[in-house]
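The values are calculated or read from the model by the stated rules, or taken from the named source; none is laboratory data. Note that the structure is predicted; figures quoted are calculated from it, not measured. All Cβ positions, even for glycine, are placed from backbone atoms using ideal geometry, and neighbour counts span all protein chains on display.
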Amino acid sequence: MIPNIYYHRRRGDLGVLAEVELSQPRVAETVELLQALIRNRCVNTGERSAGHEVRNADVLAQFLGSTVDTQVYDAAPGRRSLVARIEGSDPAAPSLGLLAHTDVVPADDQDWLRDPFGGELVDGAVWGRGAIDMLNMTACMAAAMRTLGATGFRPRGDIVFVAAADEEARAEFGARYLLERHRDDVLTDYVLTEGGGWPLTAGPRPKLSWATADKGTAWLRLRVRGRAGHAAMPYGADNALVKAAEVVRRLHTHRVSPVISDVWRGWVAGMGFDAEVAAGLLDERSVLSVAREQTGDVAAAAHACTHLTITPTMARGGVAINAIPECVEIDVDARTLPGQTRGEVASEIRNALGELDPEVTIEWLHELSTTQSPLSTPVFDTVKDVTRAIVPGTELVPSLITASTDAEYFRRHGAKAYGFSITTDYVSPTEFAAMFHGPNERIDVRSLALSTTLWERLARSF
Ligand SMILES: [Zn+2]
């Protein structure tokens, strides 16, 4: 996943406001666990044989030991997920899920200042692929579960920790497999996972994002047809590559109309902007121009949160350097807003193509509609109270995740799922955004300590 929306004015407020004892043995254990998870290199390239999440599942099983009941599930060789449960005392009480994933996206060493799989602790931060997406949360949730289990805590409703494989591809060997084959073992009434808890600052009080919705995904393959011929006689040729270049240009420059959704309204209201700025951000005609005037990365976030986006990402075609290509394929990543359909994606692409439309066919590779959970639920109130006890005065701001997470599969099975954690403003928002699937991914130890405390206290208060 990639970050959702945030706005930032000053650095360091959250870290200073929060009271956290970094010398606790539990903090060191969480750091060591995160380092081990990073060093296991559970890199998910999307192939069946990738991931090797068995390594991280086994590290977690060893870490949890006999403090809680654990079970592992192998969706395919090497694709292991782990589930840990603390049984509640009241079968009628709502259950709470802590949903993590154990895989990471690839990392190119050349772009990094540190070894992406070294898990080094440098100046109060743990470096490595997965440090913010989301092995950090996996480690914090596991540490909280171990403490809860070791102290003999008995919740009212079940508390279930799910460390799923294969989140970074299509969840075929992770969340989807678990929900289809072992639904009762993993499904809870409420689910908390990645995608939220990032510091937002517009006004005097600290604000953290509370992710209530994921954008939908549509992956498409466009095929542009031409006529094969000898490259030495190009005059009058119908060259599919030349046409494809024009198709890509049109997709890139096509302007889609903005949509002001409920979750966008909630974000703007929650951020506490000046009335004039808020009004501008809620008006289709001015949302982008007003967003551009704000500090931080508001414009990119505002664009993604108010638009169906259509992004060409891969192209392939041609058979020889001296042959005019007959066919070129362009892969496109489109992301939909709540309520938008396949028909709307197709018609935006047709509009973009214009008179080239008859020369292009569309194949749908993968499609997921948006999912969202209601803003105000009992878990929201509890999370808010617990967070305020840790970081006084914090507001939770409803947010839309512009990519997708495993939350959407759990929502499809009836859970109310949210993205949250506590992350300090240890780097600038621009740096933070660039770390998702990017180089130099790292997390400060203070955030790890705060989030571990959050999960433990939440379980005790739920
Ligand atoms: Zn993730």
| List, please: which pairs have Cβ atoms under 8 Å, are six or more places apart or on different chains, and start with a residue in the range 248-272 that is touching a residue at least 40 places away in the same chain (Cβ under 8 Å) and end with one that is of a type in the set (Asp, Glu) and surrounded by 18 or more Cβ atoms within 10 Å (Cβ to Cβ)? | His254/Glu348; Val256/Glu348
| field | Conditions (1) farther than 18 Å from Gly130 by Cα; (2) outside any helix (DSSP H, G or I): number failed by Thr45 | value | (1)
| query | Glu359 is checked against (1) surrounded by 15 or more Cβ atoms within 10 Å (Cβ to Cβ); (2) under 17 Å from Val191 (Cα atoms) and fails just one. What number does that condition carry? | reply | (2)
| message | Being more than 16 Å from the ligand (Cβ to nearest atom) and at negative phi: is that true of Glu120 here? | response | yes
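A quick yes/no check of all residues on (1) away from the ligand (no atom under 16 Å from the Cβ); (2) surrounded by fewer than 19 Cβ atoms within 10 Å (Cβ to Cβ):
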position	(1), (2)
Asp381	yes, yes
Lys384	yes, yes
Glu395	yes, yes
Thr405	no, no
Gly414	yes, yes
Thr424	yes, no
Ala433	no, no
Ser447	no, no
Ser451	no, no
| query | So Val104 fits all but one of (1) touching a Lys or Arg at 6+ places or on another chain (Cβ under 6 Å); (2) over 18 Å from Gly51 (Cβ atoms); (3) within 11 Å of the ligand (Cβ to nearest atom); what number is the exception? | reply | (2)
| query | All but one of (1) farther than 20 Å from Ala169 by Cβ; (2) surrounded by fewer than 14 Cβ atoms within 10 Å (Cβ to Cβ); (3) modelled with pLDDT of 50 or more; (4) not small (Gly, Ala, Ser) hold for Glu47; which doesn't? | reply | (1)
| query | Quick check, is Gly152 small (Gly, Ala, Ser) and in contact (Cβ under 8 Å) with a residue 24 or more places away in the chain? | reply | no
| request: Take the range 125-159 and flag every residue that is in a strand (DSSP E or B) and surrounded by fewer than 24 Cβ atoms within 10 Å (Cβ to Cβ). | output: Ala125, Trp127
| Quick one: in the range 173-205, which of the residues that are within 16 Å of the ligand (Cβ to nearest atom) and either part of a loop (DSSP other than H, G, I, E, B) or acidic (Asp, Glu) (or both) is surrounded by the most Cβ atoms within 10 Å (Cβ to Cβ)? | Gly195
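Residue-by-condition table, conditions (1) surrounded by 17 or more Cβ atoms within 10 Å (Cβ to Cβ); (2) free of Cβ contacts under 8 Å to residues at least 12 places away in the same chain; (3) in a loop (DSSP other than H, G, I, E, B); (4) touching a Cys at 6+ places or on another chain (Cβ under 6 Å):
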| position | (1), (2), (3), (4) |
| --- | --- |
| Gly78 | yes, no, yes, no |
| Ser81 | yes, no, no, no |
| Ser89 | no, no, yes, no |
| Leu113 | no, no, yes, no |
| Failed item in (1) under 17 Å from Cys140 (Cβ atoms); (2) modelled with pLDDT of 95 or more, with Gln24 passing the rest | (2)
| query | Across the range 268-293, what is the total count of residues that are closer than 16 Å to Pro199 by Cα and not in a helix (DSSP H, G or I)? | reply | 2
| note | Checked the range 142-200 for anything of a type in the set (Asp, Glu) and within 15 Å of Asp74 (Cβ to Cβ); matches are Asp166, Glu172, Glu180, Asp185
| query | Checking Gly272 against (1) touching a strand residue (DSSP E or B) at 6+ places or on another chain (Cβ under 9 Å); (2) at pLDDT 95 or above, which test does it fail? | reply | (2)
| request: Kindly indicate the residue of the range 172-223 that is among the hydrophobic types (A, V, I, L, M, F, W, C) and under 13 Å from the mean Cα position of the chain (by Cα) and also farthest from Leu448 (Cα to Cα) among those meeting that condition. | output: Ala213
| note | Filtering the range 433-462 for residues that are acidic (Asp, Glu) and closer than 21 Å to Glu120 by Cβ leaves a count of 2
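The rows are residues; the columns are (1) exposed (fewer than 15 other Cβ atoms within 10 Å of the Cβ); (2) more than 15 Å from Thr309 (Cβ to Cβ); (3) not assigned by TED's automatic domain parsing to the domain that holds Ser376.
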site: Gly236; (1), (2), (3): yes, yes, yes
site: His252; (1), (2), (3): yes, no, yes
site: Val256; (1), (2), (3): no, no, yes
site: Met271; (1), (2), (3): no, yes, yes
| note | Within the range 123-133, the residues that are within 13 Å of the ligand (Cβ to nearest atom) and aromatic (Phe, Trp, Tyr) are none
| task | Considering only residues that are polar (S, T, N, Q) and either out of contact with any strand residue (DSSP E or B) (no Cβ under 8 Å at 6 or more places or on another chain) or more than 11 Å from the ligand (Cβ to nearest atom) (or both), look in the range 134-172 and name the one that is nearest to Ala50 (Cα to Cα). | result | Thr147
